[in-house]
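Data first, discussion second: the structure below is written as structure tokens.
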Amino acid sequence: MTEGQTTANQPQDDQEEGAVLTVEHLVKQYPQAQSPVLNDISFQVPKGKVFVVLGPSGSGKSTLLRTIAGLEPIQGGRILLDGQEVETGHPLGKHSGGPGGLMSGSRSSDLRTRIGMVFQSYDLFPNRTVLDNVTLAPILVQKRKRDQARQEALELLDRVGLADRRDAWPSQLSGGQRQRVAICRALILHPEIMLFDEVTAALDPEMVREVLQVILELADQGLTMMIVTHEMAFARGIADHIVLLDGGVLVEQSDDPEAFFTHPATDRAQRFLSTFTYERRREQDQDQKS
Amino acid sequence: MNWTFMAQNLHFFVNAAYVTVFISFFGVVFSMLIGLVCAGLEVFRIPLLSQLARVYIELSRNTPLLVQLYFLYFGLPKLGVNWSAQTCAIVGLAFLGGSYMAEAMRGGFEAVPQVQIESARVLGFTRGQTLSRIVLPQALSSAIPGVVANIIFLIKESSVVSAIALADVMYVTKDLMGTSYDTYESLTLLIVTYLVILLPISVIGTVLERRFDYARR
């Protein structure tokens, strides 16, 4: 990490146990929907820890990250960053607003840079080179000096093994390379927490490793992060805290990932985890034959 | 082929080509501005104004340019507005072209993936920065083929202004045919004039299209 990054993520002595992110009773419901997508979600992400969210498709994992990033308004509860309230729920009808994105949301520019996010789909700006992709936000949003931003961008790109591709266009990169650039683009703003939304889901298997390796290294350096993933081996290896989301509800929370994977407390978690193992019932087959 | 006739009358076409290029140029520039504004109003669903833009687009697309020119040139004076033939031609082309450009640019805006806007937002960009640095460059890039097609269409369509006595290339051709009966030669000169004006634009369009094709370079 660069100087700024290290200090930004070093736990301050008096706040050793302080949570970077606190979510309290979060409710997310789309207009015209029968039931909420996320219902009464509460958890904390402590400083320097890796918080992994698992769950089947449609369980609300991505929506949860999007509400935290400020891309979706919430209808109940609140979200706190470093103890400071950044979003509160408003019931549908009054402040429900339009669709997410450009024309919605009330968070300030500065506040948005404090939460970094990498998306599943390749989201580099195709009209900018690799280096420009990384330096655009620090120059434009944080008003940092061009030279300084370039220098830090090159250091970051070097760390993900892409310094030699600085002048390439995103279309010339592989999916894995694009995701690594996207990680640099988020890190250069020195966010307090990084959100990874199934960042390897659209990648070829051999490219998954190069991206996950980068995330592992960031975890080792003490970056606070929240990860939504379907890579179970990765989740097991990187998680400090693990939660299972199903039908918009947190069905299991665990501070002991190893225990979660070997002896899940709930039946739902057991069933979810069993979908990732494949076993033939050879003995039974033989029994039937004989 | 009467080469002497063609050589003698070439200067008429050169002069008339200036008229065609002049009104087309301003017609195209204004129609692109109108198109960009209308597309923006529609894409960002600005209340009331987007509906107005829609009404204009349907009115402009579904009436012939000849009728629009007649309205401007013969109709407006009855209301006390006396515009020169040249002004009428430029306004007419801009009025017609605006809707075509709006549709091409709207397509460009809609081709920008939502995640591009979301990434910009997460990175802290303001709405203005997102629009000018991310959305507009990408939208215009994918709108280029449609816009170039519209530019060529408008320049060809400008031949209609001969109907309001503006001495463009079409007008000169009709004049020559009427006075000399060298129909074949006059029309050949006319076609060559249009090709000389349009072929470079076509080539430039292709180059621009390649240069700004962010997805494939």
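The values are calculated or read from the model by the stated rules, or taken from the named source; none is laboratory data. These numbers come from a predicted model, not from an experiment. Cβ sites come from the backbone with ideal geometry, for glycine too, and all protein chains shown count toward neighbours.
Filtering B:GLY124, B:GLY107 for residues that are of a type in the set (Gly, Ala, Ser) and surrounded by fewer than 20 Cβ atoms within 10 Å (Cβ to Cβ) leaves a single hit, B:GLY107. Considered as a group, the residues in the range A:41-97 that are touching a Gly at 6+ places or on another chain (Cβ under 8 Å) and of a type in the set (Lys, Arg) include one that is surrounded by the fewest Cβ atoms within 10 Å (Cβ to Cβ), and that residue is A:ARG78.
Tally up the residues in the range A:213-240 that are outside any helix (DSSP H, G or I), over 18 Å from A:SER57 (Cβ atoms), among the hydrophobic types (A, V, I, L, M, F, W, C) and in contact with a helix residue (DSSP H, G or I) (Cβ under 6 Å, 6 or more places away or on another chain), please. Lay out the reasoning, then the answer.
Filtering the range A:213-240 for residues outside any helix (DSSP H, G or I) gives A:221-231, A:239-240.
Applying the additional criterion that residues be over 18 Å from A:SER57 (Cβ atoms) yields A:221-226, A:239-240.
Filter once more, keeping what is among the hydrophobic types (A, V, I, L, M, F, W, C): A:223, A:225-226, A:239.
Still in the running and in contact with a helix residue (DSSP H, G or I) (Cβ under 6 Å, 6 or more places away or on another chain): A:223, A:239.
Matching residues across the range A:213-240 total 2.
Being within 12 Å of chain B (Cβ to nearest Cβ) and polar (S, T, N, Q) is the filter here; which residues of the range A:146-187 pass it? Across the range A:146-187, the qualifying residues are A:SER171, A:GLN172. When residues in the range A:241-284 are screened for being free of Cβ contacts under 8 Å to residues at least 60 places away in the same chain, assigned to a strand (DSSP E or B) and of a type in the set (Val, Ile, Thr), 1 of them pass.
Which of the following residues is out of contact with any Asp or Glu (no Cβ under 9 Å at 6 or more places or on another chain), modelled with pLDDT under 90 and of a type in the set (D, E, K, R): A:GLU24, A:GLU16? So that I can check it myself, show each step before the final result.
Details: A:GLU24 fails: modelled with pLDDT under 90.
One residue alone meets the criteria, A:GLU16.
Applying the condition of being part of a loop (DSSP other than H, G, I, E, B) and of a type in the set (Gly, Ala, Ser) to the range A:104-141 and asking which residue is farthest from B:LEU131 (Cα to Cα) yields A:SER121.
Residues in the range A:106-121 that are closer than 22 Å to B:VAL112 by Cα, more than 7 Å from chain B (Cβ to nearest Cβ) and surrounded by fewer than 21 Cβ atoms within 10 Å (Cβ to Cβ): A:GLN120 only.
What tally of residues in the range B:158-217 results from selecting those that are of a type outside the set (A, V, I, L, M, F, W, C) and within 26 Å of B:TYR73 (Cβ to Cβ)? Talk me through it step by step, then tell me what you get.
If we filter the range B:158-217 for residues that are of a type outside the set (A, V, I, L, M, F, W, C), which is where we start, we get B:158-159, B:162, B:168, B:171, B:173-175, B:178-186, B:188, B:193-194, B:200, B:202, B:205-206, B:209-211, B:213-214, B:216-217.
Pick out the ones that are also within 26 Å of B:TYR73 (Cβ to Cβ) and you get B:158-159, B:162, B:168, B:171, B:173-175, B:178-179, B:186, B:193-194.
Residues in the range B:158-217 being of a type outside the set (A, V, I, L, M, F, W, C) and within 26 Å of B:TYR73 (Cβ to Cβ): 13 in total.
The numbered conditions (1) under 26 Å from A:THR135 (Cα atoms); (2) buried (at least 20 other Cβ atoms within 10 Å of the Cβ); (3) among the hydrophobic types (A, V, I, L, M, F, W, C) are all true for A:MET207 except (2).
Scanning the range B:46-88 for residues being charged (D, E, K, R), more than 23 Å from B:LYS156 (Cβ to Cβ) and surrounded by fewer than 13 Cβ atoms within 10 Å (Cβ to Cβ) gives a total of 1. In the range B:159-182, the residues that are under 16 Å from B:TYR70 (Cβ atoms) reach residues that are acidic (Asp, Glu) with C-beta atoms within less than 8 angstrom, at least six apart or across chains, in these pairs: B:SER159/B:ASP168; B:VAL161/B:ASP168; B:SER162/B:ASP168. Of the residues making up the range A:226-249, those that are crowded, with 16+ Cβ neighbours inside 10 Å, out of contact with any Phe, Trp or Tyr (no Cβ under 9 Å at 6 or more places or on another chain) and within 17 Å of A:LEU212 (Cα to Cα) are A:GLU231, A:PHE234, A:ILE238. The helices (runs of 4 or more DSSP H) located wholly in the range B:67-171 that include 3 or more residues which are away from every other protein chain (no Cβ under 14 Å) and within 21 Å of the chain's Cα centre (by Cα) occupy B:85-110, B:136-157. Under the condition of being more than 14 Å from chain B (Cβ to nearest Cβ), part of a loop (DSSP other than H, G, I, E, B) and farther than 18 Å from A:ARG268 by Cα, the residues counted in the range A:38-71 number 3.
Of all residues in the range B:183-203, those that are in contact (Cβ under 8 Å) with a residue 40 or more places away in the chain and within 19 Å of the chain's Cα centre (by Cα) total 6.
Considering the range A:136-155 alone, what residues qualify as being among the hydrophobic types (A, V, I, L, M, F, W, C), out of contact with any Pro (no Cβ under 7 Å at 6 or more places or on another chain) and surrounded by fewer than 23 Cβ atoms within 10 Å (Cβ to Cβ)? Result: A:LEU136, A:ILE139, A:LEU140, A:VAL141, A:LEU154.
Look at the range A:150-168: where a residue is of a type in the set (Gly, Ala, Ser) and a partner is assigned to a helix (DSSP H, G or I) and crowded, with 19+ Cβ neighbours inside 10 Å, sitting 6+ places away or on another chain with Cβ atoms under 6 Å, you get A:ALA153/A:LEU131; A:ALA153/A:VAL134; A:ALA153/A:THR135; A:ALA163/A:LEU157; A:ALA168/A:VAL130.
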